Structures are given as structure tokens and as C-alpha cells.
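Enquirer: What follows is a structure written as C-alpha cells; I'll ask about it next.
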């Protein structure tokens, strides 16, 4: 029998109808079981009338008490993960780095896996998948586990100490990037912008480009490699900038890097560019953070538009899942003091599928506009 088969799963009942169109059931929606169920176990779920809903990870310690996994079956995790891997292989992505598993988008809520050459960087968002680490190691060679401190506190687990794998060099559309697992944010390199990096590189050919919040130089180096006339990149993270400089040298291109705060740089800049990329980090984790995040997006888009040459392009990005695509588009179109004409609206690549039962999985927004 497979490691995650469950012939006689415990049962958890809901206080609410089972037809809820979402993959999360919060603690207040779940009846406390009469018998002890170990946190992080896969359970069968019944609605308040006793009708089966499916199965999911149960964690009474977490605000998200049930993360639904769908219909019960043997080897559920193994089958879903192998299907996710096979789907990525069918995409024939022009890279050796991509998202292997996109949590709810692959029917595996709480698990995110990115592949970088021979390393599988695995982000855990649930106690259930923390308890499946041994199984994940067998399915994903070169496994390296990460989990946000806040997630570990909320879910009630602690990752054991582990040595980060050696850094690797990955290839994407003919451009090479170093991935530093010891110092990089999350899993080290953001695969979700792959298609947009290619699109921007084409738009920047023969033109001047400014890459704001450049991180390790994804947009900047891709544009320089594609033949941009001049590339300037700005970030506040000194360690990320050091990797960005290495990436420029690795690809034998010239990028002018500046260690600076985005807002200060834009307020002081007297220069304008043909293409400006604005790709800030996540601006809100909780709903109470949204007013501050909205104000920041408005301010940075207003300032970024000022340094775009007339007829140039502003490529504005948001990875804040709590800000909808519609709201972000409105911000990009109304924040600038000049007319903008949107020509491209995009998101993450096809290796980041989004479930209709978890629309929050559509977190990345990329809006390209002509600034008149």
C-alpha cells in the first residue's frame, strides 16, 4: 500500500453546507470531532446533513481547519504530483526551471514546488504536507524544504535544520541565472514571470529600460541580452543585487545597478526611459494591510509613469493575491498623471494553473501600458 493511502480515514463533519465553492473550510465551519484526530491527517469530510464532500487535510490548530483535496482515493498525493509533473513536461517550456506544483491549482492545497535544474525547492504551507515530507522526498529528487516562519506558527510545525543546496545556474529562453538557495527569497528565483520577461525583452530591444525592484535582475538581464540599448536596475536588497551583478557577468551584458529605495530613486530621478518595469514584492499579507498596499501601489505607479518617455511603456506588476486583477488594472490606469493605454494584461505562465475553487491562486498581475 502506498505511503499516503488511507483505507479507513477519520471523519470530520461541517457546520455548513458542503457545496461551498472554495477549497478552505475555516475552524468555525467545522464540528469538533468526538474522538481525537491527529492534526495534519487526511480525513473524510461530511457536510452538516451527513453527505460526503471529499477528503482533506485536517488541522484544528489552524484557522484553516480543512484544506480540501477532492475525492478520496489511494495514493492521492502521489497520483496528483505525478500528474502535475507530466503536465509540465507536456508544456515543453524553454527553460530548466519551472513550477512543478502550484498548490490548489494542482489539487494539492498547501504544497508549492519549483524545480531549478536538479533541485526541487519545496514550500510547505500546511501541517499536512509537513507530515508528508518523507513521501515528497521519494517523489522529488533533490528536495529542499522551506516554510515561512509565520506559516509554521499558524500551522503548528517547525522545519528541522537543513543545509541549503549548492547554488545552481538555470537557463530560461537562452538567458542564464544563478539561483542562490541560501540567500534567495522564497525558493530563490521567480519562475512566474518567465513569459513576461521574454515579452519585455522583445519590447526593450534597441531601447532604454529601467527595472525597478529588480531583485536578481530577471527583467534587466533578459532585456540586455535581447539587445536593449541601456539597462538600469534598482533594488534595496544588497544581497539580491550582488546576485544580479553575477547574472549580468554570466550573460556578458552591461546593466547599471543601483542600491536604492524605489520611492527615493523615482522622486530624485531626472532621467526618462523607453520601458519601465515595476515589479515590487508582495505588499499585503492580511486584509488589514490592504489600505496601505493600495496607497503604495498608487504612489509607485504615479511616480514610475513620470520617468517613462512620451510614447514609452510602463510594465506594472503585482504579486499581492489579495488585490484582484480588476482592482490592480484600475490602479495602473488611474494612478499616473498622464494618459495610459493598456496593450497587454498577463499573469503567471501555464505552469501556474488556477482552480475555480481557489481564485486567489491567480495572484500575479502584469499590466503593460503606453504612457502618452
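Enquirer: What is the ratio of the Cα radius of gyration of the range 315-372 to 2.2 N^0.38 Å, where N is its residue count, to two decimals?
Expert: Computed over Cα atoms of the range 315-372, the ratio equals 1.19.
Enquirer: Looking at the chain only, what percent of DSSP beta bridges run antiparallel? Nearest 5 please. Walk me through the intermediate numbers first.
Expert: Working: 45 of 70 bridges.
For the chain, the DSSP antiparallel bridge percentage is about 65.
Enquirer: Just from the alpha-carbon atoms, what are the Rg and Dmax of the range 35-97 in angstroms?
Expert: Computed over the Cα atoms of the range 35-97, radius of gyration and Dmax are 15.9, 51 Å.
Enquirer: Distance between Cα centroids, the range 241-319 to the range 25-62: provide it in whole Å.
Expert: Centre-to-centre distance over Cα atoms comes out at 44 Å.
Enquirer: Could you give P(r) for the range 114-259, binned at 5 Å from zero, as whole percent values over all Cα-Cα pairs?
Expert: Result, from short to long distances: 2, 10, 18, 19, 17, 12, 10, 7, 5, 1, 0 percent.
Enquirer: How tilted is helix 238-250 with respect to the longest principal axis of the chain? Cα atoms for both, answer in degrees (0 to 90, nearest 10).
Expert: 70 degrees
Enquirer: Once the principal axes of the Cα atoms of the chain are found, what is the range along each, listed largest first in whole angstroms?
Expert: 68, 41, 35
Enquirer: Based on alpha-carbon positions alone, could you give the equivalent ellipsoid semi-axes of the range 3-76 from the gyration tensor, as √(5λ), descending, whole Å?
Expert: On the way: eigenvalues 58, 38, 27 Å².
Computed over the range 3-76, the values are 17, 14, 12 Å.
Enquirer: Now a separate question. So what are the range 63-124's ellipsoid semi-axes, whole angstrom, largest first, if each one is the square root of 5 times an eigenvalue of the alpha-carbon gyration tensor?
Expert: 23, 14, 9
Enquirer: OK, next. Among 105-113, 354-362, how do they line up from the highest to the lowest mean number of other beta-carbon atoms within 10 Å?
Expert: Going by the mean number of other Cβ atoms within 10 Å, highest first, we get 105-113, 354-362.
Enquirer: Which distance in nm do the two modelled labels at residue 239 and residue 158 give, with both placed 7 Å along the Cα-to-Cβ direction?
Expert: Once both label points are built, they end up 2.1 nm from each other.
Enquirer: Also, quick follow-up: Could you tell me how far the Cα centroid of the range 90-123 sits from the Cα centroid of the range 346-372, in Å?
Expert: 17 Å
Enquirer: Determine the percent antiparallel among the DSSP beta bridges restricted to the range 190-371, to the nearest 5.
Expert: If I count the DSSP bridges inside the range 190-371, around 45 percent turn out antiparallel.
Enquirer: What FRET efficiency do you get for residue 229 and residue 252 if R0 is 22 Å and r is their Cβ-Cβ distance, rounded to the nearest 0.05?
Expert: That pair, residue 229 with residue 252, gives E of 0.85.
Enquirer: Give the peptides 154-164, 124-134 in descending order of average Cβ contacts within 10 Å, highest first.
Expert: 124-134, 154-164
Enquirer: Averaging the inverse of every distinct alpha carbon separation and then flipping it gives the Kirkwood radius. What is it for the range 190-371, in angstrom units? Write out the running numbers ahead of the final one.
Expert: Numbers: mean 1/r = 0.0612 Å⁻¹.
Answer for the range 190-371: a Kirkwood hydrodynamic radius of 16.3 Å.
Enquirer: Next up: I'd like the per residue volume of the convex hull spanned by the Cα atoms of the range 1-124, given in cubic angstrom.
Expert: 119 Å³
Enquirer: Could the peptides 265-272, 42-49 be put in order, highest first, of the mean number of other beta-carbon atoms found within 10 Å of their residues?
Expert: Working: 265-272: 13.2, 42-49: 17.2.
Most protected by this proxy first, the peptides run 42-49, 265-272.
Enquirer: Could you calculate the contour length gain from residue 75 to residue 342, that is, 0.36 nm times the residue separation minus the distance between their Cα atoms, to one decimal place in nm?
Expert: Working: separation 267, 0.36 × 267 = 96.12 nm, distance 4.60 nm.
This chain segment gains 91.5 nm when fully extended.
Enquirer: Two decimals, Cα atoms only, Kirkwood Rh: what is Rg/Rh over the range 108-167?
Expert: 0.94
Enquirer: In the Gaussian network model of the chain, springs joining C-alpha atoms below 10 Å, which of 342, 35, 334 carries the largest mean-square fluctuation?
Expert: Of the options given, 35 has the highest mean-square fluctuation.
Enquirer: Could I ask something else about it? If you line up the long axis of helix 76-91 against the longest principal axis of the chain, both from Cα atoms, how many degrees apart are they, to the nearest 10?
Expert: Its long axis makes an angle of about 30 degrees.
Enquirer: Please give the contour-minus-distance gain from residue 290 to residue 51: 0.36 nm per residue of separation, less the Cα-Cα distance, rounded to one decimal in nm.
Expert: Contour length minus the Cα-Cα distance gives 82.3 nm.
Enquirer: Quote to one decimal, in nm, the extra length available between residue 268 and residue 205 on full extension: 0.36 nm per residue of separation minus the C-alpha distance between them.
Expert: Working: separation 63, 0.36 × 63 = 22.68 nm, distance 2.63 nm.
Between residue 268 and residue 205, full extension yields an extra 20.0 nm.
Enquirer: Nearest 10 degrees is fine. How inclined is helix 194-204 to the longest principal axis of the chain, computing both from alpha carbons?
Expert: 10 degrees
None of the figures in this text is laboratory data; all of them are computed from the coordinates on show. All figures in this text were calculated on a predicted structure; none of them were measured in a lab. Cβ sites come from the backbone with ideal geometry, for glycine too, and all protein chains shown count toward neighbours.
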